[in-house]
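Here is the structure we will look at, set down as structure tokens.
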Amino acid sequence: MYMVSSCLCGNPCRYDGSAGQTDRYPGISELLARGLAVPICPEVLGSLPVPRPPAEITGGTGRDVLEGNARVLNIYGDDITRNYVEGAKKTLHIALQAGCTKAILKDRSPACGVHAVYDGTFSSNRIPGEGVLAALLRAHGLTVISDEDL
């Protein structure tokens, strides 16, 4: 069973209110049709609205956020770390209850980033590392796959 970033399933939950390009991910559509995927948006589960201001991790990566050594801020400087941690924990709970062993996540997101996240300067600079949810899922033994690896 797979947990999948909801935006990759065509749900309009991205920060700008858009959905992912589902035609890029026919494998995800097939998993959904076969009942083998659970779409989840950790930002929405963390009580963030759609649309919402862009957010980035400041001072590290998702693992650092979970350890209390980095924060998630939106473009206006509001600290929304709690929302990201809460959403990641709720997502993990749902994934485990559903029997998910793998996750397909939207790369570069402060929640779902698998290989890279933005550096917190809102200047499109990326750093190697994972988002808050990706770090939490990996810490609990789930295999995490980037949409860009599909």
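The values are calculated or read from the model by the stated rules, or taken from the named source; none is laboratory data. Every value quoted in this text rests on a predicted model; they were computed, and no experiment measured them. A quick note on method: Cβ atoms are made from the backbone with ideal geometry, for glycine too, and the neighbour counts reach across all protein chains shown. What goes into the accessible areas is simple: the full protein's heavy atoms, side chains included, and nothing from ligands, DNA or RNA. Shrake-Rupley method; radii C 1.70, N 1.55, O 1.52, S 1.80 Å.
Carbon-plus-sulfur accessible fraction, the chain (probe radius 1.4 Å, protein heavy atoms only): 51%.
3J(HN,Hα) along segment 116-131: 8, 9, 6, 7, x, 9, 6, 10, 6, 7, 10, 10, x, x, 10, x Hz, from the Karplus curve 6.51 cos²θ - 1.76 cosθ + 1.60 with θ = phi - 60°, whole Hz, x for Gly and Pro.
For segment 1-84, GluC sites (Glu not before Pro) are listed when DSSP marks them as loop and at most 15 other Cβ atoms sit within 10 Å of their Cβ; the list is GLU67. Scalar couplings 3J(HN,Hα) for segment 97-105, obtained by applying the Karplus form with A = 6.51, B = -1.76, C = 1.60 to θ = phi - 60°, are 4, 7, x, 6, 10, 9, 9, 10, 10 Hz; x denotes Gly and Pro. Dipole orientation for the chain: of the candidates THR91, LEU48, VAL144, THR91 has the Cα lying most toward the positive pole (charges on Cβ; Lys, Arg +1; Asp, Glu -1).
For segment 11-120, which chymotrypsin sites (Phe, Trp or Tyr not before Pro) pass both filters: DSSP loop (anything but H, G, I, E, B) and at most 10 other C-beta atoms within 10 Å?
Details: sites: TYR15, TYR76, TYR84, TYR118; in loops: TYR15, TYR76.
Loop-located and lightly packed - TYR76.
Rolling a 1.4 Å probe over the protein heavy atoms gives the chain an accessible area of 47 Å² per residue. Rounded to the nearest 20, the Cβ-based charge dipole of segment 85-128 about its Cα centre (Lys and Arg +1, Asp and Glu -1) stands at 120 debye.
Amide H contacts for VAL38 (H built 1.01 Å from N in the peptide plane; partners 5 or more residues away or on another chain; cut-off under 5 Å): TYR2, MET3, VAL4.
For segment 30-150, with only Lys/Arg (+1) and Asp/Glu (-1) charged at the beta-carbon, what is the dipole magnitude about the Cα centre, in debye rounded to 20?
Working: 12 positive and 14 negative charges, 60 e Å.
Roughly 280 debye for segment 30-150.
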